[in-house]
Amino acid sequence: MLVTPPLSLYVHLPWCVRKCPYCDFNSHEQRGALQFDAYVDALIADLDFDLPLAWGRTVHSVFFGGGTPSLFPPAAIDRFLQQASARLRFAPDVEVTLETNPGTVEHGPFAGYRAAGVNRLSFGVQSFDDGCLQRLGRIHSSGDAERAVKAAQDAGFDNLNLDLMYALPGQSLAMALADVDRAIALQPTHLSHYQLTLEPNTVFAVRTPAGLPDEDAAWDMQEACQARLADAGFAQYEVSAYARAGRQCRHNLNYWQFGDYLGIGAGAHGKLSFAHRIVRQVRHREPRLLGRDRDRVRKRLRALHDARRDRDAGAVRERLSARRRPVAGVGVAWSCAVIRGGRTRRRSGRRGRRRRRSPPP
Ligand SMILES: C[S@@+](CC[C@H](N)C(=O)[O-])C[C@H]1O[C@@H](n2cnc3c(N)ncnc32)[C@H](O)[C@@H]1O
Ligand code: SF4
């Protein structure tokens, strides 16, 4: 009997206030008011579509990633979590993380996120140096970041991650260390420390920013910051992730330990293990096309059903085998969803020597 690995749920919320010039995530600049309810409906429909694949399994972690999930108000997150937990069994100690941009939480909706069931926040701080933040095109200041983290702690969040980047334009070793010190002073439980990489199809790839530290300088920063974090009690458990004892990100670990994950929302990836196959899925990257795969699969199934009713068994067999070809070992019902499989994220040739994130969901 197959013992299935732990199951996680990744939820992609793809909008940002502004696109950062270094970012190649599936994130889209917000234009006009976001249709929160419509997107949550699409997420639930997405989840419903996958339910037969995850039947009877327990979800150990949920991760709202982006984009900027903190653009979604607590009520939308609450509605999603209520509906998701009515469909899937959540572990009693399920870890629920929400990524936040410190520039989007000035009204302090943290108590609402907590009441909705979020128990871990991840802040995209990047740096505490306002010059660096400006050169990165960020919408927040160092003060905004500090205020946001403190507001989250006041609202009762005790499990916080801060994202920092290093090897930034104009950054010295001392500045990189100062960023780590200011992060530690805020008493997070987890720190993600990513080397800035120049990703293809980003503004920085076309117009390289002035003052980028070279590879040797970047390496020195990485080593010095790693030592500073170790001294402060943060153990490195993954290429870019450091945590206090017992505070590793469960969701992150599940990717690295080849666990299973449902991935819903624009561009999300999923991976599910079965006795004789592994099903991998990827959703359309474009938010407004979310659900197109679903509709196609449904139409195809309906067509197959009708064909069967017409006793045209030969035609059915032919269509089945044609559909199976692109993805060996995947049943027809799901093949449509996985034929676009394969990573949408690439590694940069330049400055991409060290991996900066967990495998993309
Ligand atoms: C989805 S974003 C986090 C939430 C939110 N979107 C924000 O930026 O505040 C994930 C993290 O990936 C890191 N990241 C994004 N692009 C990067 C790049 N080109 N090089 C290194 N790290 C990058 C940043 O630290 C960022 O906070
Ligand atoms: S780094 Fe974060 S805020 Fe900036 S564009 Fe990417 S996802 Fe959006």
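Things to note:
- Residue match in region 111-126 (condition: more than 15 Å from ligand 2 (Cβ to nearest atom), closer than 23 Å to residue 216 by Cβ and not aliphatic (A, V, I, L, M)): no
- Among the conditions (1) in contact with a helix residue (DSSP H, G or I) (Cβ under 8 Å, 6 or more places away or on another chain); (2) part of a helix (DSSP H, G or I); (3) not polar (S, T, N, Q), the only one that residue 157 does not satisfy is (2).
- Pick from region 41-60, criterion farther than 20 Å from residue 26 by Cβ and touching an Asp or Glu at 6+ places or on another chain (Cβ under 9 Å), ranking: nearest to ligand 1 (Cβ to nearest atom): 60
- Considering residues of region 100-159 that are aliphatic (A, V, I, L, M) and out of contact with any Phe, Trp or Tyr (no Cβ under 8 Å at 6 or more places or on another chain) only, the residue farthest from residue 80 (Cα to Cα): 133
- Condition check for residue 207: assigned by TED's automatic domain parsing to the domain that holds residue 20 and either more than 30 Å from residue 112 (Cβ to Cβ) or β-branched (Val, Ile, Thr) (or both): yes
- Inter-residue pairs, beta-carbon under 8 Å, first among the small types (Gly, Ala, Ser) and in region 89-105, second part of a strand (DSSP E or B) and away from ligand 2 (no atom under 15 Å from the Cβ), 6+ apart: 91/58; 91/59; 91/60
- Number of positions in region 22-36 that are away from ligand 1 (no atom under 16 Å from the Cβ) and either surrounded by 16 or more Cβ atoms within 10 Å (Cβ to Cβ) or at pLDDT 95 or above (or both): 1
- Any hit, region 126-134, residues being in a strand (DSSP E or B) and either modelled with pLDDT under 95 or within 13 Å of ligand 1 (Cβ to nearest atom) (or both): yes
- Residue match in region 231-246 (condition: without any contact (Cβ under 8 Å) to a residue 12 or more places away in the chain and surrounded by 14 or more Cβ atoms within 10 Å (Cβ to Cβ)): yes
- One residue stands out among those in region 82-103 that are of a type outside the set (Asp, Glu) and under 14 Å from residue 13 (Cα atoms): the one that is nearest to ligand 2 (Cβ to nearest atom), which is 101.
- Conditions (1) among the small types (Gly, Ala, Ser); (2) more than 28 Å from residue 199 (Cα to Cα); (3) surrounded by fewer than 18 Cβ atoms within 10 Å (Cβ to Cβ); number of the one not met by residue 148: (3)
Okay, residues lined up against (1) within 27 Å of residue 246 (Cα to Cα); (2) crowded, with 16+ Cβ neighbours inside 10 Å:
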site	(1), (2)
38	no, no
83	no, yes
93	yes, no
98	yes, yes
105	no, yes
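The values are calculated or read from the model by the stated rules, or taken from the named source; none is laboratory data. The structure displayed is predicted, hence computed values, not measured ones. In this analysis, Cβ positions are derived from the backbone assuming ideal geometry, glycine residues included, and neighbour counts consider all displayed protein chains.
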